[in-house]
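Heads up, the thing below is written out as structure tokens.
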Amino acid sequence: MSGGRVPRGALPLLAATQLLLILDTAIVNVALPSVGEDLGAGSAQLSWVANAYLIAFGGLLLLGGRAADLLGHRKVFLAGLGLLAAASALGGLAPDAGVLVAARAAQGVGAAFAAAAAFALLLVLFPDGPARHRALAAFAAMGGLGGVLGTVLGGVLTDLLGWRSTLWLNVLAALLLGALVLRVLDGRTPKVVDGHRFDLAGALTVTAGLALVAYALVGAAGHGWLSATTLGTGCAGLLLLAVFAVVETRAARPLVPPAVLARPALRLANILGALAQMTLFPMFFLVSLYLQSVIGYAPLGGGLGLLPLSLVVVAVAPQTGRLIFRIGLGRTMTLGFVLLCAGTVWLALALRSDGTFLTTVLAPSLLLGAALPLVMVTTNVAATADAAPEETGLASGLVNTAQQFGSVLGLAVLVAVATTRTESATAAAQTDGFRAALLVGGAFAAVAAVASLRLRLPTPTPAPPRQGRVTEPR
């Protein structure tokens with residue numbers, strides 16, 4: 001892996017990892033009622049079976065990316081998959097809800113390190129240009145499929161084999177991917193730069209800060225946005241992030257060099273990536289909930305209702321690179337956000353309490369399937385285009401963190417909107433709530449479409465030679 005030819009099978013391996021990690025955000029959710037019955041868990045404990053994964057995943061992505069730069073991408077990739085497998089096995093054997101929540105949190109830690117390292121490997125193996133665009137398109141396709149397959153597989157496995165099978169599937173998948181990593185990616189690891197010290201203070205403050213902010217966001221729906229718990233936890237997280245910013249200005253070798261965050265294109269691209277997920281991630285959740293609670297589909301049917309969208313994602317994603325080549329990155333990005341806004345608003349206005357899947361969800365979901373790869377590929381390209389080889393893990397950690405927190409924030413906000421507008425449990429009231437939430441999601445996409453017009457990528461310049469510079473994936 002020392003530059004030049006990309007190892008055979010590398011892209012399918014990395015894309016399959018993305019599929020598994022996104023799948024994990026949804027696969028257990030469908031099984032939660034069965035978990036509650038089996039373990040005697042209440043709704044509060046069950047909510048943390050899902051939230052523990054999201055908090056750990058979102059809070060550790062940045063640390064995972066930087067660790068991959070310093071310790072080796074392949075090594076951190078394997079460690080993340082190993083922890084994911086071990087934590088999934090613990091969850092599969094969990095005797096009570098507390099152990100299951102701990103296992104899900106450990107899964108999130110493993111997923112964060114595996115995701116950041118996998119994305120960094122993609123950046124190193126595929127230089128900026130058409131090859132990277134195709135690779136990122138594969139990631140976008142797998143991400144879209146993961147969200148749907150998680151719901152579908154969760155329903156199928158729970159019905160046939162019980163809820164524990166959803167966790168044992170992770171064990172098998174993570175072990176298989178780990179074996180493929182050993183086979184496809186070689187083990188050569190370059191020497192660490194002389195005198196390189198790990199920024200422990202930065203790592204601790206940013207990880208704790210992000211985790212507390214995530215905790216506040218995912219708990220806001222239950223505690224309320226203005227509750228003492230939400231405000232106290234959120235403020236503590238923001239304070240730690242402020243401390244992190246000060247630490248980085250004084251550290252000899254900062255976890256996130258301030259000069260990196262000073263790049264306008266990188267900042268805007270990460271904001272746009274977050275806005276994309278603030279619309280997309282809650283949309284998946286709300287559509288599945290609408291199909292089940294209003295139209296009356298079973299959990300499996302609710303998941304399958306998103307399958308046409310995923311098929312469009314798979315069809316459009318490989319064409320995204322060609323579109324970027326023809327009309328440019330910025331125009332492709334703006335087009336994607338315009339389609340995302342139009343599809344979300346169309347979906348919101350189409351919802352009816354007496355509707356059917358064909359009359360309400362199908363057509364706008366196809367438009368959303370075309371928008372998803374356009375916005376995800378272009379924001380990822382823009383966020384990583386200026387990354388030097390030794391910054392690939394950092395770049396992947398930043399963009400993944402932005403997207404993950406966009407997902408968490410978007411879900412918290414849109415669920416709160418839906419809940420506020422739902423005055424009763426009737427189908428009409430729930431539909432009104434879903435419609436209001438989706439319109440807010442459309443507003444996020446509209447803001448992103450306008451902001452994308454300001455994106456200006458820097459003109460690439462040859463990098464000066466550096467002592468001990470890492471030039472190959474590790």
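Taking the stretch 292-350 as the range and being of a type in the set (D, E, K, R) and open to solvent by less than 60 Å² (accessible area, probe 1.4 Å) as the test, no residue passes. Of the residues making up the stretch 131-143, none is of a type in the set (D, E, K, R) and either within 30 Å of residue 37 (Cα to Cα) or within 14 Å of the chain's Cα centre (by Cα) (or both).
Any chance the stretch 34-54 includes a residue that's at positive phi, modelled with pLDDT of 85 or more and buried (at least 20 other Cβ atoms within 10 Å of the Cβ)?
Looking through the stretch 34-54, none of the residues is at positive phi, modelled with pLDDT of 85 or more and buried (at least 20 other Cβ atoms within 10 Å of the Cβ).
Being surrounded by 20 or more Cβ atoms within 10 Å (Cβ to Cβ), hydroxyl-bearing (Ser, Thr, Tyr) and out of contact with any Lys or Arg (no Cβ under 9 Å at 6 or more places or on another chain) holds for only one residue in 384, 360, 378, 422, and it is 378. Of everything listed in (1) open to solvent by 70 Å² or more (accessible area, probe 1.4 Å); (2) of a type outside the set (A, V, I, L, M, F, W, C); (3) under 21 Å from residue 45 (Cα atoms), the single unmet condition for residue 229 is (1). Scanning the stretch 320-347 for residues that are closer than 16 Å to residue 373 by Cβ and without any contact (Cβ under 8 Å) to a residue 24 or more places away in the chain turns up 322, 326, 327, 331. For the stretch 387-406, a residue qualifies if it is of a type outside the set (A, V, I, L, M) and surrounded by 24 or more Cβ atoms within 10 Å (Cβ to Cβ), and the qualifying residues are 392, 393, 396, 397, 400, 401, 403, 404, 406. Scanning the stretch 106-130 for residues that are within 12 Å of residue 393 (Cβ to Cβ), modelled with pLDDT of 90 or more and not aliphatic (A, V, I, L, M) gives a single hit, 113. Is one or more of the residues making up the stretch 108-117 open to solvent by 10 Å² or more (accessible area, probe 1.4 Å), in a helix (DSSP H, G or I) and closer than 20 Å to residue 80 by Cα? There is at least one residue in the stretch 108-117 that is open to solvent by 10 Å² or more (accessible area, probe 1.4 Å), in a helix (DSSP H, G or I) and closer than 20 Å to residue 80 by Cα. The residue that is farthest from residue 388 (Cα to Cα), among those in the stretch 118-131 that are touching a residue at least 40 places away in the same chain (Cβ under 8 Å) and open to solvent by less than 20 Å² (accessible area, probe 1.4 Å), is 118. Does residue 249 satisfy the condition of being open to solvent by 30 Å² or more (accessible area, probe 1.4 Å), of a type in the set (S, T, N, Q) and either in a helix (DSSP H, G or I) or over 18 Å from residue 409 (Cβ atoms) (or both)? Against the criterion (open to solvent by 30 Å² or more (accessible area, probe 1.4 Å), of a type in the set (S, T, N, Q) and either in a helix (DSSP H, G or I) or over 18 Å from residue 409 (Cβ atoms) (or both)), residue 249 qualifies.
In the stretch 439-450 there is at least one residue that is in a helix (DSSP H, G or I), out of contact with any helix residue (DSSP H, G or I) (no Cβ under 7 Å at 6 or more places or on another chain) and at pLDDT 90 or above. Out of all the residues in the stretch 50-63, is one or more more than 19 Å from residue 106 (Cβ to Cβ), out of contact with any Phe, Trp or Tyr (no Cβ under 9 Å at 6 or more places or on another chain) and of a type outside the set (Phe, Trp, Tyr)? No, the conditions are met nowhere in the stretch 50-63.
Pairs meeting the criteria (first residue in the stretch 53-79 and touching a residue at least 24 places away in the same chain (Cβ under 8 Å), second residue of a type in the set (D, E, K, R) and buried (at least 24 other Cβ atoms within 10 Å of the Cβ), beta carbons under 6 Å, at least 6 apart or on different chains) are 53/104; 72/474; 73/474; 74/474. Please determine, by comparing only the residues of the stretch 55-107 that are of a type outside the set (Gly, Ala, Ser) and not in a helix (DSSP H, G or I), which one is most open to solvent (accessible area, probe 1.4 Å). Restricting to residues being of a type outside the set (Gly, Ala, Ser) and not in a helix (DSSP H, G or I), the top hit is 93.
For every residue, the table says whether it meets (1) more than 29 Å from residue 32 (Cβ to Cβ); (2) of a type in the set (Val, Ile, Thr); (3) part of a helix (DSSP H, G or I).
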{"site": "203", "(1), (2), (3)": "yes, no, yes"}
{"site": "219", "(1), (2), (3)": "no, no, yes"}
{"site": "254", "(1), (2), (3)": "yes, no, no"}
{"site": "287", "(1), (2), (3)": "no, yes, yes"}
{"site": "309", "(1), (2), (3)": "no, no, yes"}
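Results for (1) out of contact with any strand residue (DSSP E or B) (no Cβ under 8 Å at 6 or more places or on another chain); (2) in a helix (DSSP H, G or I); (3) aliphatic (A, V, I, L, M); (4) open to solvent by less than 40 Å² (accessible area, probe 1.4 Å), shown as yes or no for each residue.
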position	(1), (2), (3), (4)
235	yes, yes, no, no
267	yes, yes, no, no
272	yes, yes, yes, yes
284	yes, yes, no, yes
290	yes, yes, no, yes
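The values are calculated or read from the model by the stated rules, or taken from the named source; none is laboratory data. Because the structure is predicted, anything quoted here is derived from the model rather than measured. Every residue, glycine among them, receives a Cβ derived from its backbone with ideal geometry; neighbour counts consider all protein chains shown. Surface areas here come from the heavy atoms of the whole protein model, side chains and all, with no ligands, DNA or RNA. Shrake-Rupley method; radii C 1.70, N 1.55, O 1.52, S 1.80 Å.
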